[in-house]
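Please read the structure below before turning to the comments.
The values are calculated or read from the model by the stated rules, or taken from the named source; none is laboratory data. Note that the structure is predicted; figures quoted are calculated from it, not measured. Glycine gets a Cβ as well: all are built from the backbone with ideal geometry, and neighbour counts include every protein chain shown.
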Amino acid sequence: MIRHERGLEELLEARLRPREVPPTESVWWGVRRRLGAHPRRARRVLLRAGLALAMLLALGAGLALASPDLRAWVGGVAVGLRGSSHGVASLEPAPPFTVLQPSALPAGWTLVANGYNPGPGRSGAPGWSGVGSTAPSAVSVASRVAGQDVPPATRELAQARAQDLLGNGAEAALALVYADPTGQLIEVVERSAAGKALPAGRATTVGSQPAVVALRDGQEVLAFVRQDTLVEVSGSAGRDDRLRLAASLQPAALAPVDATAAGQAPPTPPAWTRVPLSSRPGAQEPPHATREAIVRQCGWDAALGSSALGEAMQQVHCAARLAAASPDDQGAWAYSRTSWRAAAQQLGTDAAGPPGATQVYLVQLDVSERGGSVVVLDATTAQPYLVARLQPVTP
Amino acid sequence: MTEHEAELVAQCRRGDQEAFRALVDAYHDRVFRTAYALTGDPHDATEVEQDTFVKAWRGLAAFRGDAALATWLTRLALNAARDHLRRRRARAVLQGVLVHRRLMALRADGEQALQRVDERDDLDRAVRRLPPPLRQTLALYYGAELSVKEIAETLRCPEGTVKWRLSTGIARLRELLDPERPPGRRAEPRKAIDP
């Protein structure tokens, strides 16, 4: 029982106010670690193109593509995206919902980034267990659209948003990020509407269809169902532009990834490879960094994988580059989480390592058919187990 | 948003972490006090504050400046605290914390400390039984020391609603803490409510 010799409001103030506020430094340290392990590298790493959940491809900033195409084959899983500044043309494997794309974009707007996660169990590769996900996904970004360079800041933000919009990989999702010349974004996320209700919010209409404006982290999200697809539209653009784009969304017919549109040149150099790692064995090397050095430089929080996928990916990328003594790579990279036994099988190696069931990250740096390297490191401790160079793919 | 803040936000959008550090410096006190008022624990408050700023870094791309930066950050802190509390709401953990508090208090300075802990635990329980809007409003007013106007902007409600929630919240707390007290006129907050 509260003793009433002390006023209730005084008690509330005493209870709800901290005795002291810790110094900013203590909070900043934790924030900085989660933004990126190394402050000078953080911006580069954070915004590196093409993050994924279980398998990730990053199209480096130095790789100028006319269209955000992406396809990869890493350890037995393939995810494909093909598109242009006008929209997505192909997805692999096919999504379990109707893909909607704007029939007309507001003046000056272009598609600058897209991301696709086919959802768990759709990769055809049982046993793959990503960071908090069982399915691979891919994000790609255009650095040049319609003859114009996309400003780096816009490109980086669009990539980061596409990555965040894909969520944790628990279900198939397509993220489309559009930008205008001033860097404003419109973000569209599409998922299967099966078994879902619109979020709570203010009722409105898109076209003549019912829709809802909900608030999420202080941002307006316009949600509605069209055909079998739950659509969410948000972003920094003005409400009119977001509504106009939402109203123009129409079902889009997608082609197989392999079909190259007439007049569309294939990406050069190849941004994708379909050759399994086990057919490209190269020289093995001892890791170039100790676990202690990795933890010191990259930070290491094994629990991040279940709560903060983007941060976990930064850790893994940083650790793999240290272990492989890889310079500031500008190429694509990919990773998956699996057991040491499975990783060794995928690499076709009988190298000594930890017990077979030990969870590891299998990281491929500089994903291309010209070379690259593979690093295997402990998913819990960051202990590097194996570094191997990959042979170029011979035609 | 001031010109200086707008420039910092623009720099953050370009990935400048030093600019973001300046924003964290500027709003650390407010965000920490908000987080503490909602969680009641300095360690939880630190985690919530970190979650808030990490979300802010990622969300600055979509921040349109419709609300003041401080208001936007306070909303993020409210959401982060709600998520944090949801994660650690296991009853066993709570009981463990209460027992631990009692033991620590006894070890520290005996009976008087134990009485203070009992009071605080009674108060915590009562506050937790309030509906979320009342609880949040009390926390922002008495804990984070926001004005009625700032709370109204943060919670997107009229100032009159904030005042009603404050007086109702205090009255409900009195009833919960002292059920034998005869119901009377609804108590107004003693503290002057400044806009």
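Table: residues versus (1) at pLDDT below 75; (2) not polar (S, T, N, Q).
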{"site": "A:Ala66", "(1), (2)": "yes, yes"}
{"site": "A:Leu70", "(1), (2)": "yes, yes"}
{"site": "A:Val74", "(1), (2)": "yes, yes"}
{"site": "A:Ser84", "(1), (2)": "yes, no"}
{"site": "A:Phe97", "(1), (2)": "no, yes"}
{"site": "A:Pro102", "(1), (2)": "no, yes"}
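Results for (1) without any contact (Cβ under 8 Å) to a residue 12 or more places away in the chain; (2) within 20 Å of B:Ala67 (Cβ to Cβ); (3) under 24 Å from the mean Cα position of the chain (by Cα); (4) not in a loop (DSSP other than H, G, I, E, B), shown as yes or no for each residue.
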{"site": "B:Leu8", "(1), (2), (3), (4)": "no, yes, no, yes"}
{"site": "B:Gly15", "(1), (2), (3), (4)": "yes, no, no, no"}
{"site": "B:Ala22", "(1), (2), (3), (4)": "no, yes, yes, yes"}
{"site": "B:Tyr36", "(1), (2), (3), (4)": "no, no, yes, yes"}
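Filtered by the rule that a residue be facing chain A (nearest Cβ under 9 Å), of a type in the set (D, E, K, R) and more than 16 Å from A:Gly30 (Cα to Cα), region B:1-28 gives B:Arg13, B:Arg14, B:Asp16. Within region A:256-268, one or more residues are modelled with pLDDT under 80, surrounded by 14 or more Cβ atoms within 10 Å (Cβ to Cβ) and either among the β-branched types (Val, Ile, Thr) or closer than 21 Å to A:Gln383 by Cβ (or both). Within region B:143-165, residues that are away from chain A (no Cβ under 14 Å) and on the phi > 0 side of the Ramachandran plot have Cβ atoms under 8 Å from residues that are modelled with pLDDT of 90 or more and buried (at least 20 other Cβ atoms within 10 Å of the Cβ) in no pair, counting only partners at least 6 apart in sequence or on another chain.
Within region A:1-12, residues that are more than 7 Å from chain B (Cβ to nearest Cβ) reach partners that are surrounded by 12 or more Cβ atoms within 10 Å (Cβ to Cβ) and modelled with pLDDT of 50 or more with beta carbons closer than 8 Å, at six or more positions or on different chains, in the pairs A:His4/B:Asp178; A:Arg6/B:Glu119.
Test A:Ala319 against the stated conditions and say whether it is at pLDDT 80 or above, among the hydrophobic types (A, V, I, L, M, F, W, C) and assigned to a loop (DSSP other than H, G, I, E, B). Give the derivation first.
Details: at pLDDT 80 or above: yes; among the hydrophobic types (A, V, I, L, M, F, W, C): yes; assigned to a loop (DSSP other than H, G, I, E, B): no.
Against the criterion (at pLDDT 80 or above, among the hydrophobic types (A, V, I, L, M, F, W, C) and assigned to a loop (DSSP other than H, G, I, E, B)), A:Ala319 does not qualify.
Residues in region A:203-244 that are touching a strand residue (DSSP E or B) at 6+ places or on another chain (Cβ under 8 Å) and free of Cβ contacts under 8 Å to residues at least 12 places away in the same chain: A:Ala203, A:Thr205. Residues in region A:369-388 that are surrounded by fewer than 23 Cβ atoms within 10 Å (Cβ to Cβ) and part of a loop (DSSP other than H, G, I, E, B): 7 in all.
State all residues of region A:15-25 that are more than 7 Å from chain B (Cβ to nearest Cβ) and in a helix (DSSP H, G or I); if no residue qualifies, say none. Before you say what the answer is, go through the steps one by one.
Quick first cut of region A:15-25, residues more than 7 Å from chain B (Cβ to nearest Cβ) only: A:19-20, A:23, A:25.
Across region A:15-25, the qualifying residue is only A:Glu25.
Within region B:61-72, the set of residues being more than 9 Å from chain A (Cβ to nearest Cβ) and either part of a helix (DSSP H, G or I) or among the aliphatic types (A, V, I, L, M) (or both) comprises B:Ala68, B:Leu69, B:Ala70. Look at (1) surrounded by fewer than 21 Cβ atoms within 10 Å (Cβ to Cβ); (2) more than 7 Å from chain A (Cβ to nearest Cβ) and you find that B:Leu38 fails only one, number (1). Do you know which of the residues in region A:185-234 that are within 13 Å of chain B (Cβ to nearest Cβ) and in a loop (DSSP other than H, G, I, E, B) is farthest from A:Ala158 (Cα to Cα)? The residue in question is A:Gly201. Only one of the numbered conditions (1) within 22 Å of B:Leu155 (Cβ to Cβ); (2) in contact with a helix residue (DSSP H, G or I) (Cβ under 9 Å, 6 or more places away or on another chain) is not met by B:Asp41, and that is (1).
Looking at the structure I just gave you, is B:Pro189 modelled with pLDDT of 80 or more and surrounded by fewer than 21 Cβ atoms within 10 Å (Cβ to Cβ)? No.
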